[in-house]
2 protein chains.
Amino acid sequence: MTTDVLLVAKCDDEWPVRVIELLDQRLSVSRVDALQGPINSTDYSSVRIIVGGPSHVAPWVTVCPNLQWIQSTWAGVDALTDIVPKGVVVTPLKDVFGQSMSEFVMGWILALERRILERASSSFWDDRSEDGVLGKTMGILGTGSIGTAIAASARQFGIRCRGLNSDGRSIEGFEACFKTGVHRFFDNLDYVVSVLPKTAATDNAINHDAIQRLSPESIVINIGRGNAIDDVALRSALTDGSVRAAVLDVFRNEPLPDSDAYWNTPNAYITAHTSAPTLERFVARAMSANLDRFLAGQNLLGAFDPSKGY
Amino acid sequence: MTTDVLLVAKCDDEWPVRVIELLDQRLSVSRVDALQGPINSTDYSSVRIIVGGPSHVAPWVTVCPNLQWIQSTWAGVDALTDIVPKGVVVTPLKDVFGQSMSEFVMGWILALERRILERASSSFWDDRSEDGVLGKTMGILGTGSIGTAIAASARQFGIRCRGLNSDGRSIEGFEACFKTGVHRFFDNLDYVVSVLPKTAATDNAINHDAIQRLSPESIVINIGRGNAIDDVALRSALTDGSVRAAVLDVFRNEPLPDSDAYWNTPNAYITAHTSAPTLERFVARAMSANLDRFLAGQNLLGAFDPSKGY
């Protein structure tokens with residue numbers, strides 16, 4: 001197989017079209033099915049770049065001995081961190097998910113606070129009113145480009161925002177920032193939103209003690225990685241009503257198994273890792289600047305840093 | 001009855017508490033039940049100010065011969081316009097509903113576009129994705145304080161906004177404004193939001209021709225007054241799928257009768273005039289500035305103008 005670039009994509013993925021356009025005339029490219037692994041008898045030694053979702057790319061890493069660059073089509077690259085050989089650069093897809101995740105977060109919060117879920121199926125004149133979101137407080141775990149975009153959307157509705165990050169540094173758009181592990185961050189929060197990546201430091205960031213500190217009417221939203229939540233503690237809080245609702249888009253095991261207790265936990269809303277789909281245009285746009293650098297033999301921008309874990 | 005101010009309120013209304021605090025020591029005040037009319041044998045000649053919802057205030061207007069000022073607790077005062085004697089000033093409740101109506105509009109749009117209504121009751125791993133609202137176009141009928149607040153919220157999510165008003169004057173925050181009756185306003189709109197007051201000029205502003213011009217995936221939202229929509233045309237468009245969904249908070253007859261065809265129209269979501277509840281603090285805040293002016297014998301600010309109809 002004499003191809004420079006391998007696109008590991010699902011049949012209905014639309015991003016390869018734009019990436020093929022981008023690479024046109026510069027590098028040879030092949031598209032393979034993300035749900036099929038490599039073929040044993042095939043020689044993949046010409047492959048220098050792989051583009052795809054980290055879980056799908058993983059089986060290809062060891063069969064491509066001359067691999068130099070993996071462009072991830074996801075923000076989180078934890079599925080690759082333990083298997084990528086030294087010298088292979090991984091670039092996560094960044095700065096493109098803020099819009100979609102802001103829509104998800106504000107859509108769910110407004111749906112719950114303004115009783116849209118109830119009213120959508122109401123068959124009578126239900127004139128109970130509700131207070132809305134003005135003056136409520138949101139705590140966002142993760143203050144990078146996604147967290148900052150979510151804070152901007154929330155502020156537009158008069159929601160106050162505080163942030164949690166690795167060293168408590170202040171970030172524009174957040175009234176206050178706290179360091180990971182400082183549980184005062186959670187005190188009386190109405191909304192908790194995690195966009196944390198999966199690292200050892202983010203394991204169970206939202207644990208029993210954190211949950212106990214929230215407002216009694218709190219809503220917990222996880223759109224980062226499943227490891228950030230102590231699932232037993234959250235299910236218990238949802239069951240006894242000390243947390244009002246949870247909207248969970250990510251889990252320790254995905255797809256969430258049919259037998260998982262979350263499916264039957266009251267006020268747990270399960271979505272299927274759909275808070276921020278990788279849209280057709282995102283991947284080519286993200287690769288564009290680095291492609292010139294790659295061809296010129298320069299260092300790539302926005303590469304995954306193993307020492308930080310993101 | 002020797003009272004200066006009559007508060008016409010429902011039993012569970014919370015705004016009278018704050019108004020009573022405001023009037024304390026300056027004017028004598030009585031609270032009456034909005035669902036009961038005046039008592040025939042009682043003399044209401046001392047009443048100079050009435051505060052309440054226009055429909056509830058209406059029966060009191062004729063029994064208060066020395067009435068000078070009606071402070072409405074609603075934005076729309078159409079229920080009073082034909083019955084208020086010359087010389088009585090009506091001040092609608094303004095500039096307080098933008099927040100609540102923005103929450104309502106964006107909450108419903110995001111719930112529909114991000115399939116939150118579906119996903120809320122999903123019992124399987126539904127990993128279909130959706131495009132979101134970036135780059136969609138919203139047309140707002142009415143560019144006053146409410147319409148402008150809605151446009152600001154929509155823009156935050158990358159939605160482009162155009163406006164419709166009485167003379168087509170341009171308004172900050174709208175890419176273009178059109179004059180009432182110019183149907184190009186509706187061309188290819190993804191979202192139509194009416195915040196129009198009830199006047200002769202706003203009757204059936206959203207009629208068959210307007211609806212035909214919308215995008216095939218359009219969402220129609222009415223939070224102004226029911227007269228703005230040609231109900232037969234909208235129901236027909238919802239039934240044949242040429243409009244994707246309608247979220248209707250106001251109607252020609254409220255409460256919407258049980259027999260109304262909207263209850264059984266596909267993709268019509270009915271809410272009970274709850275898009276912008278009058279919160280506890282709103283009425284006292286709105287009255288505060290005018291109360292000093294009233295006691296000093298000055299003209300009141302923000303009064304209803306019969307020549308405009310709002």
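The values are calculated or read from the model by the stated rules, or taken from the named source; none is laboratory data. These numbers were taken from a predicted model, which means no experiment stands behind them. Neighbour counts run over all protein chains shown; Cβ positions are idealised from the backbone, glycine included. Quick note on the areas: whole protein, heavy atoms, side chains included, nothing else; ligands and nucleic acids left out. Shrake-Rupley method; radii C 1.70, N 1.55, O 1.52, S 1.80 Å.
Worth a mention:
- Within the accessible area of chain B, the carbon and sulfur atoms contribute 47%, probe 1.4 Å, all protein chains present.
- Label-reachable residues, the range B:226-255, where backbone N falls under 20 Å from a point 7 Å from residue A:126's Cα toward its Cβ: B:245-251, B:254-255
- Computed E for residue B:41/residue B:167 - FRET, C-beta separation, R0 45 angstrom, nearest 0.05: 0.35
- At most 10 other Cβ within 10 Å, DSSP loop - GluC sites (Glu not before Pro), the range A:58-153: none
- Shown here for the range A:165-210: trypsin sites (Lys or Arg not before Pro) in loop regions (DSSP other than H, G, I, E, B) with at most 16 other Cβ atoms within 10 Å, namely A:169.
- Trypsin sites (Lys or Arg not before Pro) within the range B:88-131, DSSP loop, no more than 13 other Cβ atoms inside 10 Å: B:128
- Per residue, in Å², the accessible surface of chain B once ligands and nucleic acids are set aside, probe 1.4 Å: 44
- Relative contact order (%) - chain A, alpha-carbon pairs under 8 angstrom, separation at least six: 15
- Cα gyration tensor shape of chain A, rounded if a/c is under 1.5, else prolate or oblate by comparing a/b with b/c: prolate
- In the A-B interface, the accessible area buried, summed over both sides, Å² (probe 1.4 Å): 3800
- DSSP beta bridge pairing in the range A:105-223, given as percent antiparallel to the nearest 5: 0
- Rounded if a/c under 1.5, otherwise prolate or oblate - the range B:98-270, Cα gyration tensor axes: oblate
- R0 of 45 Å, Cβ-Cβ distance residue B:239-residue A:299: FRET efficiency to nearest 0.05: 0.15
- The distance from the alpha carbon centre of the range A:230-275 to that of the range B:145-219 is 40 Å, rounded to a whole number.
- Over the range A:212-308, relative contact order from alpha-carbon pairs under 8 Å, at least 6 apart, %: 24
- Axial C-alpha extent at least 18 Å, average Kyte-Doolittle at least 0.5 - helices from chain B (DSSP): B:98-113, B:282-295
- Between the range A:1-76 and the range B:99-125, the Cα center-to-center distance that results, in Å: 36
- Across the range B:98-270, the mean sequence separation of Cα contacts (distance under 8 Å, 6 or more residues apart), normalised by length, yields a relative contact order of 16 percent.
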